[in-house]
Structure formats: C-alpha cells, structure tokens
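Step one of this worksheet: look at the structure below.
The values are calculated or read from the model by the stated rules, or taken from the named source; none is laboratory data. Nothing here was measured: the structure is a model prediction, and the numbers come from that model. Ideal geometry is used to build each Cβ from the backbone, glycine not excepted, and the neighbour counts take in all protein chains shown. Accessible surface areas use protein heavy atoms only, side chains included; no ligands, DNA or RNA. Shrake-Rupley method; radii C 1.70, N 1.55, O 1.52, S 1.80 Å.
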Amino acid sequence: QLHNMTSLTPNADNQEQENNNFTTATQHEPSPGVPNMLRAKTTTTIMHGSMMTDSSSSTIMQIAPNTEQENNNYVTTARHETSQGVAHITPMITTTTRDTDPSLDDESQNGALLAAYKELAKKLGEVEETLMEKVQLLDVRTHHLVQQNDEHAAIIKKNRENSVEQDGKMVYYPRDSYSFLALHGPTQSPSIFLFSLAVFLLQVTFHILLLLSILVPDWSSRDLIDGTSKIFPADVEPIVKLVQIFSIVVHVMLSDYSMDDLIKAVNLFPNFAMAHDDDPLSGLVLSSCLRLFQGLTANAATFLLIFTSLTAKEVILNFAAINFISCLDDAGFSSVIKGHLGDKMRSKALQVKEKRLPDCVTKKKYPFLRIYVVLFSTLFIMMGFGFQFVLVPQTSGKFVTKKFRLDFGGEAGFKEYNGCYYVEEASLGRRPIYFRDGIDNGARIVYCKKELKWYLFKADHTNACRAADGDQIVAYSSRSFSFDIRTIFSEPWFSSGSTPLDVLFLTDGVGVGEGCGKHKEDGICDPVLNKADFSYDGGDCCATTCNQPICGIGTINKAFGTKLIEAGDGYQECSDPFMVDISILMHNVIVRTVYGGTSMPPLLRFECNGVNHFMITIQEKMENETELIKIPDGAKCELLVRKGHTVNLTLVHAINTDDAAYEPIIFGGIVNDYSADGSQEFQVIPHCYFEKEKLSRHIPVDT
C-alpha cells in the first residue's frame, strides 16, 4: 500500500516535464483559462500531499495499531506543515489572478502569468519537498513497524508451538517444579532436583498440618466445635450449606490448582509399552506420583476445610487458602525462570519450556476420558462423603448434644433446676429443645434466635423468645451463634436479674447417664458425683461436710475386709482433699457375756470433733485386718467400745510410708471397760508435721 501511495507523487523529472507542458499550454490558451489552470495545478499538488500523508498514516495504523498515539503525532505534524504551505500559496494565486490587467495584450498578459506561475511552482516545489521528507520518514517508520510486527508474529507462532497443550492434548512439559523432577535426576542436576523436592515437601507439609489441625483438636487453636462430632459442627445455616455444595462443584468441575494436579498426574504417567530407550521413565513416574499425592492431600484438606466452616465467608477463605498452597509449584518454576536462583537453574527451566513430552505420554488413548474419570470420580466421592457424613447427620440432629447435666452449685433458688436435661424435639434448621429429666417441673432450655441466647425457663410452651419477653426466665446464657448448647458451657450465665451465676455443665461420664436422677446435698453419697466438679457431691460423702439428718447412716456394708452382719455408719467414699487418713489395725477382739447371759455384739465407734465418722459391730474375723478412715486434719477424736468387750488395736497416721512399721503411732493398746463403754481420747497431729524438715527433724518418725 505504501509503495502504491508514493507513486502518486511525481519525482523531479516528472515535475519538470509537467512544468514545461504547463508553460507551453499557457502560451496558447486564452488568458481567462490561465488562472483556472493555476488553481487546478495547485489543488492537485495539495491533494497529492494530503493523500500521501493520509495513506501513510492508514498503512501504519493497519500494521501497528498498538502505536496509534505515536503515529498520530507524526501525521498531525505532516498535515500541519502541509496546511502552512497551502496557506502561503493560496493568497499568491488569488493575488496573481486579481492583478491581471484586462487592458494588456495577450502576450503581455501571458508573460505576467507565466512569471507568476514560475513563482508559484517554486513555492509548490518547496511544499512538495517538505511533504516528501515527511513521507520518507513515514516510510522508514512503516518498514520498522512491519519488521516489529513480523517479529511479534514469529514470537506468537513460537509460543504456540511451545504451549503446554495443543488441541486439548499435553504436548510440552508443564511449567511447574514437578517437571524438573521428571527431567533432572538427583545425580544429573542435584540442585534443581532438591529445589523441586523441597517445593513438594512444603506443599504436602502445609496440607498435612491443616488436616491434623482439624482431625486432632488438641493440636489446633480453633474454637470448640459444637456438637458430638468433634470435627464437624452440629449444624450450620442453610445458606452456608449451599455455599459448601457449590464450592465443591466449582473446585472439581472448574479444575482449580488442586484438581489440575490430579489431572496432570494421571495424564503424565507414562505408558511403558510405548516408551523409548531415551525416555525419562523414572522421572515421569516420580513426578506423577508426587503430584498425585500432593493433589490427594490438597483435596482432602479442601473437603475438611469446606465442611468444617461455620460461615459462607469462612468457606471461601479456606477455599482460596488451599489454592494458594497448591500453586506453589507454579510459583517455584516462575522464580527459577526469572533467574532468582541463578543462571544455571534458569537455563534448565528454559529447557523445560521447550521440551516436548515423549510419545509414551502424548500418544496414549482416550486422554479426555481420563480427565472425565478423574473429575467425576472426585466429585462423586467428595459429594458422597459430604452428604453421608456431614450434611445428612447435621440436618437430622445427629451431631447435637443429646444429654447434659446442669448444676447451679450452691446458688439459692436454683436447686430445683439441677439435674440432667435431654433433647425431646428438634426441627430442621432449629436448635434442639432440652427438658429436665425425671421431674416434670416445666423447666426447659431453648434457644432464642432473635436474642442469640439460650434461656432456661418454666412454661407450658417452648418459645424462648416469648418467655424472654415475659417473667418466665430463670437463667440465660451469653450470646452464641452455634447450633449446639455445648459451646456456651464455659461461657457466663446470668440470672433473670442479670446476676452472674456459678453454673456447671457436664456431657460425658461423671454425673451423666447413671448419674442422672442423683443430686447433691441430699445426705446420700453418690459415688458418680463424688468428684471435684460436683464439689464432692456437695459434701454428702464426708462427715464434716454433710448437713442432712441421714448423712452416713447405713452406708457401710464391709469393714476390716469382712462383710458386716448389720450395715454400719460411716463415710468410706469420702474424697475430700482436706481430710487425712487414719489407719485402724485390729489385733484381737474379746466378746464377753453380760446382761444375764445375753451376749451383745461389740460396737466400735470413732468420733472426731463431736461428729460420728465410723461405727460398726466388730466380728472376730476382723482380727489382724486394717480399716482406713478419713478425719479432719488435727482433729480431737475419741475411740469408743461398747461396755463388756475388749478390743486390742493400734491407731496410726497413714502417711503413705513404704514400711508400715515407720508410720507414726497415735494409740496402741487395749480398749475395754466392764462397767461402762470403754474409750480412748487422742489428738491427731497435723499432717504437715511429718513433712520433711519439720517434726521429723527433731523426733524419730517411729516414736
């Protein structure tokens, strides 16, 4: 186009010939036609200049549209200078035509016009010369741009030839660090091999740590997962479930980085039957296996992170985090290409970009079928596990806490609400409703979504928000968004008057199950409640803390290793850490006949600080047996034996020495009295006296 355009501009020879022709014509034409010819000549020259400028600019725009702004600057300059030349010539044409004197003869008139024409021709030549210079500049620029365009086309062609995929088939090695493992072994290029292996280990380590943080709660700093699953939440809002499902579909079907690794691992695994001697089979197998393992761990972490999320935002953020980890192999390859790790490794990476895959990889049958198998099998597995082990159990309420024990401790006015609560009903999309076990007093614990709180109230309905608006509230929890009540067990609870309460919740083991129906501070020692969490059954199991009339009565059925004929009184289940142990060693028992020949069974009673701690009837089978009793540390005690009988025994401090012979003796001897009940009073030495560097420093421990 540029060549044809430049031909419109006459060269110097053509210009001279044209001027001569014009001179000859003016000598024979009538004078009125001369100005018209001058105008036509000038107009033609100006049109040639404009056509040259416009044609050159049009050609440049077609060749290099990306340099439009710069070319426009050239064209604007050329047009501006052309306009200046035309503006200078036009007045001359007008003046020459106007000044022609009609009274002159034709010869004189033609001579004047010829002189004017020569002057005009000279000016037109200057303008044309300027235009030619601009055209030459545009010509040079055009050829330069054509050359750049050809180079750009060559680069595009080369990039297409070097692309990883052509027509959907893998042709070149992928641009990631796993391709280094396929092409460079540990002995050939140890540096790039170790670098690629480090990238793989980094990815897998990230994924395994994510899995462990979910599967092993003790290794995680996550908030307590509500419900009984210990991995998945008890339930989530319906919109979160929709986001979880769509995230799985997008993750699989759009083949993000994690799925892309699985697909590449399958497609790049070599077909040994089609392999050649020079094919890097071991490298291809190694890179495919490592890529597959990384993809599997990434997909497992993706599944768990998506289905353990409590909000839609958390689902999306976790989804993005996995993609970030999975693309580290691409980032590693890019870092090597940029030369960040040295020119030697960069040259290896450039070789990977131009390295075609061997026939044992590219000529396998049904490549698309393999992709479909990977995609749909992964989608089926992830969706199947998601529905079977997460969504369906959540919807059916399987993960919610079924039963728990509530204990208000010593809070006044709350004793009737202590005990076990269990789920009676739960609706889809709602939190469970808990009722008091065994006692129909109208107490229930229900969640109010409007207030985001759990309420304990007494009513004939289960609407917690309605109860909150009335005067039926007994206690309420802190704000909570979870679907299960377990998450607020450790949070503050408040009375209806907003006073903080001392509340204990238990869901497993102690106090739940067989412990339901048993209560603290009722005078009955319940072993399942005799733990620190329950304040040792509210003190029911120890003599100094039990405050009911029936405390300790009839609770001993076996003593001194012997089954009792008649149940005795005492506190064998006492576990109070503030009590100390006293050991009674029974040597022998002498039973005498009194009251007219009637033999009364010998009775042994142990009192401390005026409170009965132990009372049983003694049998001869108890000789040489030992019984352990819990009493207050440093208490003043008395040992009584019913009158008419003799008991030979020894009392010692049970300080857990290895040899009982070195336990401090409190009393040793015979307790009897034929006329009245025999007794022996003593003071229990405080246990701390027997600790190291105290009393034992001055007195032998066996004294």
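Filtered by the rule that a residue be more than 60 Å from the chain's Cα centre (by Cα), surrounded by fewer than 17 Cβ atoms within 10 Å (Cβ to Cβ) and free of Cβ contacts under 8 Å to residues at least 60 places away in the same chain, the stretch 624-652 gives N624, K636, E638. Could you count how many residues in the stretch 552-564 are open to solvent by 50 Å² or more (accessible area, probe 1.4 Å) and part of a strand (DSSP E or B)? Residues meeting the conditions: 3.
If you go through the stretch 194-203 one residue at a time, do you hit one that is among the β-branched types (V, I, T), at pLDDT below 90, out of contact with any strand residue (DSSP E or B) (no Cβ under 6 Å at 6 or more places or on another chain) and open to solvent by less than 80 Å² (accessible area, probe 1.4 Å)? No: zero hits.
Let's see how each residue does on (1) modelled with pLDDT under 90; (2) closer than 30 Å to S396 by Cα; (3) not hydrophobic (A, V, I, L, M, F, W, C):
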{"position": "L242", "(1), (2), (3)": "no, yes, no"}
{"position": "F246", "(1), (2), (3)": "no, yes, no"}
{"position": "Q294", "(1), (2), (3)": "no, no, yes"}
{"position": "N318", "(1), (2), (3)": "yes, yes, yes"}
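Could you tell me whether any residue of the stretch 669-677 is modelled with pLDDT of 80 or more, out of contact with any Asp or Glu (no Cβ under 7 Å at 6 or more places or on another chain) and farther than 17 Å from T626 by Cβ? No, there is no match, as no residue in the stretch 669-677 is modelled with pLDDT of 80 or more, out of contact with any Asp or Glu (no Cβ under 7 Å at 6 or more places or on another chain) and farther than 17 Å from T626 by Cβ. Listed by position, the strands (runs of 3 or more DSSP E) contained in the stretch 442-504 that have at least 1 residues being touching a helix residue (DSSP H, G or I) at 6+ places or on another chain (Cβ under 7 Å) are 443-448, 453-458, 473-477. Restricting attention to the stretch 215-274, the residues that are buried (at least 19 other Cβ atoms within 10 Å of the Cβ) and in a loop (DSSP other than H, G, I, E, B) add up to 12. Residues that are more than 30 Å from T228 (Cα to Cα) and among the hydroxyl-bearing types (S, T, Y) do occur in the stretch 284-291, at least one of them.
Of all the residues in the stretch 306-343, those that are within 10 Å of the chain's Cα centre (by Cα) and closer than 16 Å to Q203 by Cα number 5. Scanning the stretch 212-229 finds no residues that are at pLDDT 90 or above and among the basic types (K, R). Candidates are the residues of the stretch 653-668 that are open to solvent by less than 60 Å² (accessible area, probe 1.4 Å) and either among the aromatic types (F, W, Y) or assigned to a loop (DSSP other than H, G, I, E, B) (or both); the one that is modelled with the lowest pLDDT is T657.
Scanning the stretch 462-500 for residues that are within 26 Å of V236 (Cα to Cα) and among the charged types (D, E, K, R) yields R466, R479, D484, R486, E491.
If you go through the stretch 565-574, how many residues are open to solvent by 20 Å² or more (accessible area, probe 1.4 Å) and assigned to a strand (DSSP E or B)? Walk me through how you get there before you give the answer.
Here is the first cut: in the stretch 565-574, the ones open to solvent by 20 Å² or more (accessible area, probe 1.4 Å) are 565-567, 569, 571-573.
Still in the running and assigned to a strand (DSSP E or B): 565-567, 569.
Looking only at that region, the number is 4.
Apart from one condition, M253 fits all of (1) at pLDDT below 90; (2) within 19 Å of the chain's Cα centre (by Cα); the exception is (2).
Yes/no matrix, rows are residues, columns are (1) open to solvent by less than 40 Å² (accessible area, probe 1.4 Å); (2) among the basic types (K, R); (3) under 30 Å from F272 (Cα atoms):
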residue: A321; (1), (2), (3): no, no, no
residue: I325; (1), (2), (3): yes, no, no
residue: D330; (1), (2), (3): no, no, yes
residue: V336; (1), (2), (3): yes, no, no
residue: G339; (1), (2), (3): yes, no, no
residue: R346; (1), (2), (3): no, yes, no
residue: V352; (1), (2), (3): yes, no, yes
